[in-house]
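Working notes for the structure below.
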Amino acid sequence: MMYIYLVILFYILCTVILNLLDEKSLLKQLNAALVIIPLLLRVLLIK
Amino acid sequence: MANKKTGILILFLSLIIAFLAGREFLNQRKLEPIVKGEGVTEIQKLSDYLPALKGTRGDSDIYVFRGEEGGSALILGGTHPNEPSSLMSAVIMIENLKVFKGTIYIIPRANASAFTHNDPQEGSPQKFHIKTDFGERWFRYGSRATNPLDQWPDPDIYIHAASGQKLSGNETRNLNRAYPGRVDGTFTEKVAYAIVELIKKNDINMTIDLHEASPEYPVINAIVAHENAMPISSQVVMNMEFDDIQIGLEPSPVSLRGLTHRELGDYTNTYAVLMETANAAQGRLRGKTDENLVLTGIDPTYVKAQKIGRLFVPYDDNGHPLEERVGRHLSGIVQHIVVMGENEIDKEIIFEGIPTYSELLENGLGKYLKEIK
């Protein structure tokens, strides 16, 4: 169960990072940056 | 305006924030040092009673104070790490107690995993500090429940294995809903199982589980006793009243399952008792939640709530300081052990070193905390 959770998280994290790099709006880039922080901590199993 | 360059810059910024936040969260996993008192004869682990816990955050120290042959008692601190008088009572005992006859087992962090995080959206402090003659000592303020990193996901409904009782899903990580536990159960059930094994294998005569409750909760400044322990606890209440400590006595509800005062009494030979003090820092009516509230219990909202009759404990501008709450617990522990020995001589435990209620009020907690070397 934990590994499935991590795979899903990692996939979402990668897509958000790619989205951040491709995004043309600064506000949306900042928005993506905010989303990355908890996702990254969860991938590293830091709560 | 935005491009790949700004994207990389912002990504770098979020990595820095994640690093700082991560470091803060990882710090929460560091447990406070506890000084091994002169009276400690042995330190066991919960994994000695359930090897599956070895190497996990569920494994916890059991401090053993063994004297000549006599009775035995187990003190459970830290079942809910957001109830600090529970941990502190256990720590004061570990650092000061001496046992001459009988055996006392103390687990300061019954749910060690729950000390490694705290509850989201509660704004609780990660730790609190107590001044001593040797400088400050720090102690962890944790969560009511097991860390989700150790047990996840929560079911929608938690079904207590032994009874089929249904509770809210998040109670699945509450140690005090998991008894008698299961050897092949969830992480929390395994911790409960190890504690039950400790009681069974050592034939522990009395188990006292230390808790706190919010001032608006009806069962507060009270002892909750299993029916087997009721004769002892009723004498304890009278003795404490003689010492000017007002305390209530509640029978353990037969239909509320998974709690120490019910399951340990039903599944083992121990006299199972739970004690509650008043902790404003976990209440729903509280204002600013910080170390000061944990240590003093001073909160104007609770004074107001008391005036309009919404509380179950007296509440004034002096709050309920931690030394008072620890004093209540320690006084209750001493009385239970003494009364058990008076009633059944083969279960007598002779000990010294536990500060009294009035000594704690006069000198504070720091006086009874040892220097870390």
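The values are calculated or read from the model by the stated rules, or taken from the named source; none is laboratory data. This structure is a prediction, so every number in the text was calculated from the model and none was measured. Cβ: placed from backbone, ideal geometry, glycine included. Neighbour counts: every protein chain shown.
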Search result, residues across the stretch B:332-357 that are surrounded by fewer than 16 Cβ atoms within 10 Å (Cβ to Cβ) and closer than 26 Å to B:Gly135 by Cβ: B:Thr356
When you check B:Ile107 against the structure, is it of a type in the set (Val, Ile, Thr) and surrounded by 22 or more Cβ atoms within 10 Å (Cβ to Cβ), yes or no? yes
Has the stretch B:252-262 got any residue that is among the β-branched types (Val, Ile, Thr), farther than 21 Å from B:Ser234 by Cβ and surrounded by fewer than 18 Cβ atoms within 10 Å (Cβ to Cβ)? no
Can you find, within the stretch B:1-23, the residue that is surrounded by the most Cβ atoms within 10 Å (Cβ to Cβ) among those that are of a type outside the set (A, V, I, L, M, F, W, C) and more than 7 Å from every other protein chain (Cβ to nearest Cβ)? B:Asn3
Residues that are over 24 Å from B:Ala2 (Cα atoms), touching a residue at least 24 places away in the same chain (Cβ under 8 Å) and β-branched (Val, Ile, Thr), drawn from the stretch A:6-45: A:Val43
Can you confirm whether A:Leu40 is facing another protein chain (nearest Cβ under 10 Å), out of contact with any Lys or Arg (no Cβ under 7 Å at 6 or more places or on another chain), within 22 Å of B:Ala21 (Cβ to Cβ) and crowded, with 18+ Cβ neighbours inside 10 Å? yes
So for the stretch B:87-94 (the condition being of a type outside the set (A, V, I, L, M, F, W, C) and either surrounded by fewer than 24 Cβ atoms within 10 Å (Cβ to Cβ) or modelled with pLDDT under 95 (or both)), does at least one residue qualify? no
So, in the stretch B:89-121, exactly how many residues are away from every other protein chain (no Cβ under 14 Å) and over 17 Å from B:Ile34 (Cβ atoms)? 5
Just to verify a result, which residue in the stretch B:160-190, among those that are among the aliphatic types (A, V, I, L, M) and surrounded by 14 or more Cβ atoms within 10 Å (Cβ to Cβ), is farthest from the other protein chains (Cβ to nearest Cβ)? B:Ala162
Search the stretch B:340-366 for residues that are in a helix (DSSP H, G or I) and at pLDDT 95 or above and pair each with any residue that is crowded, with 16+ Cβ neighbours inside 10 Å and of a type in the set (A, V, I, L, M) when their beta-carbon atoms are under 7 Å apart and the residues are at least 6 apart or on different chains. B:Met340/B:Met206; B:Met340/B:Ile232; B:Gly341/B:Ile349; B:Asn343/B:Ile232; B:Lys347/B:Met340; B:Tyr357/B:Ile245; B:Leu360/B:Val326; B:Gly366/B:Ile130
Which residue out of B:Gly258, B:Gly287 is touching a helix residue (DSSP H, G or I) at 6+ places or on another chain (Cβ under 6 Å), in a loop (DSSP other than H, G, I, E, B) and in contact (Cβ under 8 Å) with a residue 60 or more places away in the chain? B:Gly258
Taking the options A:Leu26, A:Leu21, A:Leu45, A:Leu30, name whichever one is under 20 Å from B:Asp150 (Cβ atoms) and at the interface with chain B (Cβ under 7 Å from one of its Cβ atoms). A:Leu45
Is at least one residue of the stretch B:32-47 of a type outside the set (Phe, Trp, Tyr), modelled with pLDDT of 95 or more, crowded, with 24+ Cβ neighbours inside 10 Å and not in a loop (DSSP other than H, G, I, E, B)? yes
Evaluate the following for B:Arg140: is it of a type in the set (Lys, Arg), more than 14 Å from chain A (Cβ to nearest Cβ), surrounded by 19 or more Cβ atoms within 10 Å (Cβ to Cβ) and touching a helix residue (DSSP H, G or I) at 6+ places or on another chain (Cβ under 8 Å)? yes
Hits in the stretch B:110-165 (condition: within 15 Å of the chain's Cα centre (by Cα) and hydroxyl-bearing (Ser, Thr, Tyr)): B:Ser113, B:Thr116, B:Tyr141, B:Ser143, B:Thr146
Would you mind finding the one in B:Tyr267, B:Tyr271, B:Tyr302, B:Tyr315 that is touching a residue at least 12 places away in the same chain (Cβ under 8 Å), among the aromatic types (Phe, Trp, Tyr) and surrounded by fewer than 19 Cβ atoms within 10 Å (Cβ to Cβ)? B:Tyr267
